Structure formats: structure tokens, C-alpha cells
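Chemist: Dropping a structure here in C-alpha cells format, bear with me for questions.
The values are calculated or read from the model by the stated rules, or taken from the named source; none is laboratory data. Here the structure is a predicted model, which is why all the values come from computation and not from measurement. Cβ: placed from backbone, ideal geometry, glycine included. Neighbour counts: every protein chain shown.
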């Protein structure tokens, strides 16, 4: 039973047994005169089965072998597809038969009308009686008495016209063809395509398994194909039973290899594996993307080598220049002290001799300073001041394109909203309302009491009692969240020092020295900022700077600001700017070139002792640091001033 179960587990063996049994039945019927014709029919069907059995031989071919697997799997797809198709065929066939034919009693013609004709309609064979165009009573039987003609549809015999609703049958036919020919048949094609792709991806493995089974079958059974295989079995029966010839034991296929054979097989597999990996690697390197990447890596490595070589050559020179700069600075400070001592002692100065002023080693010359002061980041159109959403408010700006930013350009549809936020510090804040009476008392372009309303960019225009932003339209009127109409002056100290290693040497990047800048981060902000902001009237230090310094350090910081170098002075492209209020700032650089500077140490001690809910630290100067954009512009100018990396 186990051998029989194993034998019948193969589809081709089942086909063999079925074909042989059908051949025996057909041959028996052919030998009996009364059943001669049925025997011929059976043998005709048996011939089809034997032809299908020959397909098993195609498994030897690497091309045709996997196609047999594809056909077998597609037959399974068709089997499940027929369930969907049967629903539409039967539904349309029953409805058509009920509408067209009245009380058909012949079962064979009912099957023809419901199933057979509906199935043929899928392939374009549409019945002629489905509508009244090709209606002909001569091709049907009115009462269904003619066994070779279908029963006539519902019709008016007197007028020779159909009586059934033609429009309804045509609509049903169109819907039926739509779902079967377009939807279901395309679904079947998609199922076939999916099956084909699945098998095609593993063609080589499938062919090898099929060939193995075929070789094993050829090794273990007689060579003659059915039905000639009966002669081989008859020969074996005569040899074993009649002639008493002992059976020769056939050697089975090996399940295990000898050690030398296994070693040879492993070496062969390793060779094929290495050859395969080599080909894959070669194809990978031959791809254009990979070749471009390899060239890019080589170029990067060459650039790094050139940079290292340049650093090695310029390193001693840079160190000597730095040492000379330090020495010159010390000599200048000493001479300055000598001259000041002589003046204090009433010795005076020799004629033609000018007093020496201490100069920072990294301070640029006068021409560069003049050029620096003339630079304005507001030369182009402001961008941040035209963001649609105003900060910390639900107000939306009126959109302003670049070409309409200047006030000189006509902009007829320009109607910006008016917005003025209420502030807690109402002492030195301009009125809130749009048409408030106190607005007329403001003195623009002058000192208005404690408030300086003069702009660094000269005289600005006053329109309808309100000043106009000198940089152009912003899409919002009023003073927004700022304190005053017109310019709101601010001060931003840029406190820097050199970044040093543990041994005290100045760090460098791309030959340039690296700076560290003092930055502050507020609790509700994600970006760092320079420690500065708006100034109260009569005060030199910004209010936000006082929050990160102890009070005893304020006078010292004021002295540092007075001795500092002005980096920038002018308009700031800030999101809080409006058409009538804007920010102008003065950026002053305070640089500590010496790490042992007493003032720097005192500043650090005051910073460390301060704890007011804000974060403050020394940040390496780099263009990627999380800093406000307008502060980055100031920081970049400071780095250029000292020739440092940015």
C-alpha cells in the first residue's frame, strides 16, 4: 500500500493508469461488433490522454520544462476563475431565457439557452434573436415542437415582430459583456501573469528538479512508453515466472557520497561560487553609478592628501607668523605704555611722532574697516520680514512679490492688515490703536524724549502719520510686537575667543583659525542667539544681556563695549518687522585673543554664577550652528574680520 500510495502521488502516474485503463476499455469495445462505435469514441479520448502524457518528456528541456509547471499552475487559476465566471454566465443566461422564451419544456434547449449560448457570447457569438434587428421566425419553432430548432422568443405572430422588451435585453447583454470580457478576462490574464513571473524567477531550480525526477524515473522503470510498456511487463513476467530467471538487483541512486567524491564536489562548488561572486562584483563595478562613486572616492582621497601635504608645508610657517604676531602685539603694548607714561610725566612727544595705539593682532586696516561699515545686509529685498505668518500671532500678512517691495513701485491692490500687539511693559510703548490721537504727537526722524527715532539709513518717509519702512513693503501695517513705530534700536555684542586644544594651541580648520562665540538660548526657543537685544532709554547694556550677567559685571561689560570694534550697523531683516516699525541694530565685536586674559576669566565666572532659566555657552563658530539667520550674518562678518573659519 505504501508503494502504491507513493506511485499514485505523481500526477503523470495517475495519467498513465487512466490512459491504460481507458485503452483496455476501448480495445474491448472494438472487439465487440455491437460496441464498435463507442469503442472508437473511447479510443479517441484515450489518444488525447496519451498525447498529454508525452508532455512529460519536455521536462528534459531547460526551456520547455518550466513551462509545464506554468501550465499546471495556470490550470489551478482557471479552476478558481470558473467559479466567478459561472456566476455571471448563469445569472445572464437565466435572465435572458426567462425574458425571451416562454415555458420551454425541453431540458436540452434550456441548457443551451442558459449556459451554452451565454458562454459562447463571451467569445463574440451573439444570438441573432437578442434584439429585433435580425429577428426571423423561420429559424425557430413557435410551439417548441421541432427538436432541431429552438423555441421562438415572445413575439407578435400577426405582425411578425418581437414582443419582448428589446431595450432590456440589449442593456443586459452590454453589462454582461462589460463584466465578462473586460473585467473577468483581464483578471484571468493578470492571474496568469503573476503565476508566470513567480515560476520564471526560479526557472533554473525548477528545471534541475524536474530533470532529476526524470533521470530517477528512467533509471527505475522500463524504457518503453505506454501502452508499449505492457510488452516490457509481459517480458518480465515470462522471465520471472516461466523461465525462472533470477532478478538482478539494480543499483539505487546514492544518497551519500564517498569522501573523495564529496571533496571533489565541494571544490567544484567552491569554484563555481567564486566565479559567480567574481562576475557579480565585476557587473556591480561596471555600473555607471558605481563607477561615478569610485571616481568620487578617489578624488576625495586625493583632495585629503593634498590638504594634508599643504598643512604639513604651511604648518611651520603659520606657527612662525602667529609667534611674530604675538611678539609685535607685545611690543606695541609696551611702546604704548611707555608713551603714556612719558605723557603723564609731562615729557610730551617729539615733533612728528604720533602716539601709538594698541591694535589687536587680528584687526584689519582702516580701508577694510571703512568697507565693512559700508556693507549692508539690507541691500537686497528683505525676506524674513515678508513671512506670511506673523510670529506669535494668528495674523497673516498681505503677500508681497519681490518686484513690489520698493515703495516706488505702484501696487494698487496692496491692502495689508493692521496689527499691534499689547505689551506688558507699557511705559515706553507707542499707542495701540490705528487712529489713536497720541500718534500725531510722535516726533519722527529725531530724538523723541528718551526714545531715539532716528534711522541709521537716513531720513525715512512719513505717510498718514506713520513712518514707512525704508526697505519697502512687508505686508503688515502697525507696529506688530515691537515697542515703537519707526526704528527699534538694538545692540548685539559678539563676544569671541580662539578655540584651543588641551595644550593651549589654537585649533585650525582648512588652515584658518577657529573662533568660539558666546551664545544664549531662551527656554521657549529652539535656536541660539547672540546675547543682545533692545536697549532701554539711557541704558547701554541690552536687557537680555543683563539677564545672563551678574550686576557687578555690568560696568566691566560696558567698558568692553566701548573698546569693542563695530562690526555692523543698520537694518535687520527680522520676522517682527512691519511697514511702520522695524529693527535696526549695532553689532560690536569683543574679542579675547589671550586665553589667560583676566577680563575673560572674570566674565566666565560671572556667567557660570548666573542661573536665570536661560542657557549660555561658548559655541564653535561654524555656518551649521543653530543660530538665528540675522545673527548668522553678523557672525559671518565677525569671522571675516578676524580671518577665521566659518
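Chemist: Looking at residue 184, is it assigned by TED's automatic domain parsing to the domain that holds residue 72, in a helix (DSSP H, G or I) and touching a residue at least 60 places away in the same chain (Cβ under 8 Å)? Steps first, answer last, please.
Modeler: Values: assigned by TED's automatic domain parsing to the domain that holds residue 72: yes; in a helix (DSSP H, G or I): yes; touching a residue at least 60 places away in the same chain (Cβ under 8 Å): yes.
When the stated conditions are applied, residue 184 passes them.
Chemist: Let me ask you something else. Any residue in the range 201-210 that is more than 20 Å from residue 71 (Cα to Cα) and either modelled with pLDDT under 80 or surrounded by 11 or more Cβ atoms within 10 Å (Cβ to Cβ) (or both)? Can you show your working first?
Modeler: In the first step, residues of the range 201-210 are kept if they are more than 20 Å from residue 71 (Cα to Cα); the result is none.
No, because not a single residue in the range 201-210 is more than 20 Å from residue 71 (Cα to Cα) and either modelled with pLDDT under 80 or surrounded by 11 or more Cβ atoms within 10 Å (Cβ to Cβ) (or both).
Chemist: Select from the range 547-569 the residues that are under 46 Å from the mean Cα position of the chain (by Cα), buried (at least 18 other Cβ atoms within 10 Å of the Cβ) and at pLDDT 85 or above and list them in ascending order.
Modeler: Those that are under 46 Å from the mean Cα position of the chain (by Cα), buried (at least 18 other Cβ atoms within 10 Å of the Cβ) and at pLDDT 85 or above: 567, 568.
Chemist: Right, something else. Looking at this structure, is residue 129 part of a helix (DSSP H, G or I), under 15 Å from residue 97 (Cβ atoms), at pLDDT 70 or above and in the same structural domain as residue 97 (by TED's automatic domain parsing)? Please lay out each step first, then the result.
Modeler: Details: part of a helix (DSSP H, G or I): yes; under 15 Å from residue 97 (Cβ atoms): yes; at pLDDT 70 or above: no; in the same structural domain as residue 97 (by TED's automatic domain parsing): yes.
Here the answer is no, as residue 129 does not meet what is asked.
Chemist: Look at residue 516 and say whether it is assigned by TED's automatic domain parsing to the domain that holds residue 582, surrounded by fewer than 20 Cβ atoms within 10 Å (Cβ to Cβ) and closer than 15 Å to residue 644 by Cβ.
Modeler: Working: assigned by TED's automatic domain parsing to the domain that holds residue 582: yes; surrounded by fewer than 20 Cβ atoms within 10 Å (Cβ to Cβ): yes; closer than 15 Å to residue 644 by Cβ: yes.
Considered against the rule, which asks whether it is assigned by TED's automatic domain parsing to the domain that holds residue 582, surrounded by fewer than 20 Cβ atoms within 10 Å (Cβ to Cβ) and closer than 15 Å to residue 644 by Cβ, residue 516 comes out as yes.
Chemist: Take the residues in the range 453-471 that are touching a residue at least 60 places away in the same chain (Cβ under 8 Å) and in a strand (DSSP E or B), then tell me which one is nearest to residue 534 (Cα to Cα).
Modeler: Within the range 453-471, the first condition is being touching a residue at least 60 places away in the same chain (Cβ under 8 Å), and the residues that meet it are 455-457, 466-471.
If we keep only those that are in a strand (DSSP E or B) too, we end up with 466-467.
On the way: 466: 21, 467: 20 Å.
Among residues in the range 453-471 that are touching a residue at least 60 places away in the same chain (Cβ under 8 Å) and in a strand (DSSP E or B), the one nearest to residue 534 (Cα to Cα) is 467.
Chemist: Counting only residues that are without any contact (Cβ under 8 Å) to a residue 40 or more places away in the chain and in a loop (DSSP other than H, G, I, E, B), which one in the range 139-151 is surrounded by the fewest Cβ atoms within 10 Å (Cβ to Cβ)?
Modeler: Filtering the range 139-151 for residues without any contact (Cβ under 8 Å) to a residue 40 or more places away in the chain gives 139-143, 145-146, 148-149.
From what is left, the residues that are in a loop (DSSP other than H, G, I, E, B) are 140, 142-143, 145-146, 148-149.
On the way: 140: 18, 142: 12, 143: 7, 145: 9, 146: 11, 148: 5, 149: 14.
Taking the candidates together, the pick is 148.
Chemist: To continue, here is another question. Is the range 158-169 home to any residue that is surrounded by fewer than 14 Cβ atoms within 10 Å (Cβ to Cβ), in the same structural domain as residue 100 (by TED's automatic domain parsing), at pLDDT 80 or above and within 21 Å of residue 89 (Cα to Cα)?
Modeler: Within the range 158-169 (the criterion being surrounded by fewer than 14 Cβ atoms within 10 Å (Cβ to Cβ), in the same structural domain as residue 100 (by TED's automatic domain parsing), at pLDDT 80 or above and within 21 Å of residue 89 (Cα to Cα)), the answer is yes, since at least one residue qualifies.
Chemist: So residue 473 fits all but one of (1) out of contact with any strand residue (DSSP E or B) (no Cβ under 9 Å at 6 or more places or on another chain); (2) closer than 17 Å to residue 536 by Cα; (3) buried (at least 18 other Cβ atoms within 10 Å of the Cβ); what number is the exception?
Modeler: (2) is the only condition that residue 473 fails.
Chemist: Is it true that some residue in the range 71-91 is touching a strand residue (DSSP E or B) at 6+ places or on another chain (Cβ under 7 Å) and in a helix (DSSP H, G or I)? Show your work before the answer.
Modeler: Of the residues in the range 71-91, the ones touching a strand residue (DSSP E or B) at 6+ places or on another chain (Cβ under 7 Å) are none.
No: the range 71-91 contains no residue that is touching a strand residue (DSSP E or B) at 6+ places or on another chain (Cβ under 7 Å) and in a helix (DSSP H, G or I).
Residues are listed down the side, and each one gets a yes or a no for (1) touching a residue at least 40 places away in the same chain (Cβ under 8 Å); (2) within 30 Å of residue 119 (Cβ to Cβ); (3) crowded, with 17+ Cβ neighbours inside 10 Å; (4) in the same structural domain as residue 184 (by TED's automatic domain parsing):
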position	(1), (2), (3), (4)
38	no, yes, no, no
45	no, yes, no, no
78	yes, yes, no, yes
82	no, yes, no, yes
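Chemist: Taking residue 491 as the residue in question, decide whether it is touching a helix residue (DSSP H, G or I) at 6+ places or on another chain (Cβ under 9 Å) and either in contact (Cβ under 8 Å) with a residue 12 or more places away in the chain or part of a strand (DSSP E or B) (or both).
Modeler: Working: touching a helix residue (DSSP H, G or I) at 6+ places or on another chain (Cβ under 9 Å): yes; either in contact (Cβ under 8 Å) with a residue 12 or more places away in the chain or part of a strand (DSSP E or B) (or both): yes.
In short, yes.
Chemist: On to the next question. Is it the case that some residue within the range 574-582 is buried (at least 18 other Cβ atoms within 10 Å of the Cβ) and either more than 30 Å from residue 414 (Cβ to Cβ) or at pLDDT below 90 (or both)? If you could, list the steps in order and put the result at the bottom.
Modeler: Filtering the range 574-582 for residues buried (at least 18 other Cβ atoms within 10 Å of the Cβ) gives 574-582.
Next, from what is left, pick out any that are either more than 30 Å from residue 414 (Cβ to Cβ) or at pLDDT below 90 (or both): none.
No, because not a single residue in the range 574-582 is buried (at least 18 other Cβ atoms within 10 Å of the Cβ) and either more than 30 Å from residue 414 (Cβ to Cβ) or at pLDDT below 90 (or both).
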